[in-house]
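Trainee: If you scroll down you'll find the structure; I have some questions about it.
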Amino acid sequence: MTEIIVVTSGKGGVGKTTTSASLATGLAMAGKKVAVIDFDVGLRNLDLIMGCERRVVYDFINVVHGEATLKQALIKDKRNETLFVLAASQTRDKDALTQEGVEKVLDELAKEGFDFVVCDSPAGIEKGAHLAMYFADHAVVVVNPEVSSVRDSDRILGLLASKTRHAERGDTTVKQHLLLTRYNPVRVEAGEMLSVKDVEDILGISVVGVIPESENVLAASNSGEPVILREDSFAGQAYKDTVARILGEERPLRFTEVEKKSFLKRVFGG
Ligand SMILES: Nc1ncnc2c1ncn2[C@@H]1O[C@H](COP(=O)(O)OP(=O)(O)O)[C@@H](O)[C@H]1O
Ligand SMILES: [Mg+2]
C-alpha cells in the first residue's frame, strides 16, 4: 500500500522543503520506493535542494494536465535508485492544480508500486496547501520554536482533523507527526526560544524529531544535496533519527541540550 505523507506548516520558511528532501531521501535509503512531489507551484524549490533542477523537462502540472506522462516527468534521483522527484512548475499559476488532477497522479503512483509519496506543501491555508494535505495518510507538521510558528501550526492541526479525505470519510485519522526544526538549545536556555516541552504542551502532541539549527543545512541545499546525506552534520543525523521513528523505530532525542564543555575544552578551546 502506498502511504502519502504531507510535509506542511502554518508559517512559511520553517523548513518544509528541507524536510521533504531529507525525509524522502531517508526513506529511499531505507529501501523504500519513494516519490517526492513539489506542490509549491511558482516557487520550484525542491528540485534545487535535491540537485536535479537542470534535469526538469516536465513537471507535476504537465502530468495533471495530460501534457506529459508520469514516467516522463518523474526524475530519478542520482544517488538513490528508488527515489524520484516530481518538480513544480515555475510558470503556471496556482489554480493549475485541481483535486481530481492530484488524485489522478497519486493513484498512478500507487499503481506503480511506490511505498511512499512525500508531498512538499506550500505554507499556510491556501489552495495548494489544502491540495497537498487532502489525500494524506500522515502529516509531518514542521514548526520552529517560536510563538507565531506554533500558533499557526495549531490551525494546520485543525485542518488535518477536518479537511482531509480521511476526515471526510471518517475512516481513520491522518497520523500527525510534529517536527521541531531550527532548534537552538543555547537560545532555549536563555529563554529566547520555546523548548521542546513548551511546544509539545501548547500543541498537545509529542515531537517525532527535533532538528537543530545548523549552518550545514544551507550549505547542503546550496550544493543540491539533502542534509541527511551529511553524516558529520547534527541536523543530518537528527533527520536520520526522525525517518527511523516514522518507520516505527524508537530512538532517543539528540542535540536538544546545551553541550557542556569539559574543563580542558573550555581552557584550550575546541
Ligand atoms: N535546521 C536548520 N538550520 C538552519 N537553517 C535551516 C534549517 N532548516 C531550514 N533552514 C533554512 O530555512 C530556510 C527555509 O527553509 P525551507 O526548507 O525552504 O522552508 P519552507 O519550505 O518551509 O519555506 C532555508 O534558507 C533553509 O536553509
Ligand atoms: Mg518550501
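The values are calculated or read from the model by the stated rules, or taken from the named source; none is laboratory data. A quick note: this is a predicted structure, and the numbers were derived from the prediction, not measured. For neighbour counting, all protein chains shown are included, and Cβ atoms are generated from backbone atoms with ideal geometry for every residue, glycine included. Keep in mind that these areas ignore ligands, DNA and RNA; they rest on the heavy atoms of the full protein, side chains included. Shrake-Rupley method; radii C 1.70, N 1.55, O 1.52, S 1.80 Å.
Trainee: Tell me the net charge near Met50. Cut-off is 12 Å between Cβ atoms, Met50 excluded, with +1 for each Lys or Arg and -1 for each Asp or Glu.
Mentor: Residues close to Met50 contribute a combined charge of 0.
Trainee: May I pose another question? At most 14 other Cβ atoms within 10 Å plus a DSSP loop assignment makes a site exposed; report the longest stretch of the chain without any exposed GluC sites (Glu not before Pro). Mind dumping the intermediate values first?
Mentor: Details: sites that count: Glu67, Glu81, Glu112, Glu126, Glu192, Glu231, Glu249, Glu250, Glu257, Glu259.
Counting only loop sites that pass the neighbour cut-off, the longest clear stretch is 1-66.
Trainee: If I model a spin label at Lys111 and Lys71 as a point 7 Å from the Cα along the Cα→Cβ vector, what separation in nanometres do I get?
Mentor: Modelled inter-label distance: 1.2 nm.
Trainee: Sticking with this structure for a sec: For the modelled label position 7 Å from the Cα of Thr98 along Cα-to-Cβ, which residues of the range 50-92 have backbone nitrogen atoms closer than 16 Å?
Mentor: The answer is 61-68.
Trainee: On to the next question. Within the range 41-121, report the trypsin sites (Lys or Arg not before Pro) that DSSP leaves as loop and that have at most 16 other Cβ atoms within 10 Å. Before the final figure, lay out the partial values.
Mentor: On the way: sites: Arg44, Arg54, Arg55, Lys71, Lys76, Lys78, Arg79, Arg92, Lys94, Lys104, Lys111; in loops: Arg44, Lys78, Arg79, Arg92.
Of the trypsin sites (Lys or Arg not before Pro), the ones in loops of the range 41-121 whose Cβ has at most 16 other Cβ atoms within 10 Å are Lys78, Arg79.
Trainee: Sticking with this one: If you stretched the chain out fully between Val267 and Glu189, how much longer would it get, using 0.36 nm times the residue separation minus the C-alpha to C-alpha distance? It would help to have the intermediate numbers written out before the result.
Mentor: On the way: separation 78, 0.36 × 78 = 28.08 nm, distance 2.24 nm.
Net length gain for the segment: 25.8 nm.
Trainee: Find the Cα radius of gyration of the range 3-265, compare it with 2.2 N^0.38 Å by division, and give the number to two decimals. Walk me through the numbers on the way to the answer.
Mentor: Details: Rg = 17.9 Å, N = 263, 2.2 N^0.38 = 18.3 Å.
Relative to the 2.2 N^0.38 Å estimate, the range 3-265 comes out at 0.98.
Trainee: Is there a pair in Lys32/Lys94; Lys33/Lys127; Lys11/Lys76; Lys76/Lys175; Lys104/Lys127; Lys33/Lys163 whose C-alpha atoms are over 26 Å apart, and which pairs would that be? Walk me through the intermediate numbers first.
Mentor: Values: Lys32/Lys94 30 Å; Lys33/Lys127 28 Å; Lys11/Lys76 30 Å; Lys76/Lys175 28 Å; Lys104/Lys127 17 Å; Lys33/Lys163 28 Å.
Going by Cα-Cα distance, Lys32/Lys94; Lys33/Lys127; Lys11/Lys76; Lys76/Lys175; Lys33/Lys163 fall outside the 26 Å limit.
Trainee: Which residue fluctuates most in the GNM of the chain (Cα springs below 10 Å): Leu48, Leu83, Leu23?
Mentor: Leu48
Trainee: Still on this structure, I have one more. Rounded to a whole number of µm²/s, how large is the Stokes-Einstein D of the range 163-270 at 20 °C and 1.002 mPa s, given Rh as the Kirkwood radius over C-alpha pairs? Display every interim value, and only then the final one.
Mentor: Values: Rh = 16.0 Å.
In µm²/s, the coefficient is 134.
Trainee: Further, regarding this structure: Which FRET efficiency, nearest 0.05, do Lys78 and Glu249 yield, Cβ-Cβ r, R0 25 Å? If you can, show how the numbers build up before the last one.
Mentor: Values: r = 27 Å, r/R0 = 1.09.
So the FRET efficiency works out to roughly 0.40.
Trainee: Hey, with R₀ at 30 Å, roughly what FRET efficiency would Asn216 and Gln90 work out to, going by the Cβ-Cβ distance, to 0.05? Mind showing how you got there, number by number?
Mentor: Values: r = 27 Å, r/R0 = 0.90.
Between Asn216 and Gln90 the formula returns 0.65.
Trainee: Another question, if that's okay. Would you work out which of Leu83, Ser162, His138 lies farthest towards the positive end of the dipole of the range 3-265, given +1 charges on the beta-carbon of Lys and Arg and -1 on that of Asp and Glu, about the Cα centre?
Mentor: The residue sitting farthest along the positive end of the dipole is Leu83.
Trainee: A further question on this structure: What 222 nm value per residue comes from the helices of the chain, counting each DSSP H run with n ≥ 4 as -39,500 (n - 2.57) and dividing by all residues, nearest 500 deg cm²/dmol? Could the numbers behind the result be given before it?
Mentor: Values: 13 runs with 109 residues, N = 270.
Estimated from H runs of four or more residues: -11000 deg cm²/dmol.
Trainee: Same structure, new question: Tally Lys/Arg at +1 and Asp/Glu at -1 over every other residue whose Cβ is under 15 Å from the Cβ of His65; what's the total?
Mentor: On the way: positive: Arg92, Lys94, Lys104; negative: Asp59, Glu67, Asp93, Asp95, Glu100, Glu103, Glu108.
In short, -4.
Trainee: Where the centroid of each part is defined by its Cα atoms, how far is the range 49-78 from the range 122-198 in Å?
Mentor: Cα centroid to Cα centroid, the span is 28 Å.
Trainee: Before I look further, what does the range 3-265 give for accessible area per residue, probe 1.4 Å, in whole square angstrom? Mind dumping the intermediate values first?
Mentor: Numbers: 11870 Å² over 263 residues.
I get 45 Å² per residue for this part.
Trainee: Can you give the net charge of the other residues whose Cβ lies under 12 Å from the Cβ of Gly224, counting K and R as +1 and D and E as -1?
Mentor: Working: positive: Arg54, Arg55, Lys78, Arg79; negative: Asp47, Glu53, Asp77, Glu225.
Net charge in that neighbourhood comes out at 0.
Trainee: Work out the charge dipole of the chain with +1 on the Cβ of Lys and Arg and -1 on the Cβ of Asp and Glu about the Cα centre, then indicate which of Ser22, Ser153, Val63 is farthest towards its positive end.
Mentor: With unit charges placed on the Cβ atoms, the residue in question is Ser22.
Trainee: Residue separation times 0.36 nm, minus the C-alpha to C-alpha distance between Glu259 and Met1: what's the value? Each step should come with its number before you reach the end.
Mentor: Working: separation 258, 0.36 × 258 = 92.88 nm, distance 4.21 nm.
Stretched out fully, the Glu259 to Met1 stretch lengthens by 88.7 nm.
Trainee: Still on this structure: At 1.4 Å probe size, with the rest of the protein present, what percent of the exposed accessible area of the chain is carbon and sulfur atoms?
Mentor: 50 percent
Trainee: Counting Lys and Arg as +1 and Asp and Glu as -1, each charge on the Cβ, what is the dipole of the range 3-265 about the Cα centre in debye, to the nearest 20?
Mentor: Values: 33 positive and 40 negative charges, 68 e Å.
About 320 debye.
Trainee: Return the FRET efficiency for the residue pair Ser148, Lys175: r is the Cβ-Cβ distance, R0 is 35 Å, and the value is rounded to the nearest 0.05. Numbers along the way, then the final one.
Mentor: Values: r = 25 Å, r/R0 = 0.72.
After rounding to 0.05, the efficiency reads 0.85.
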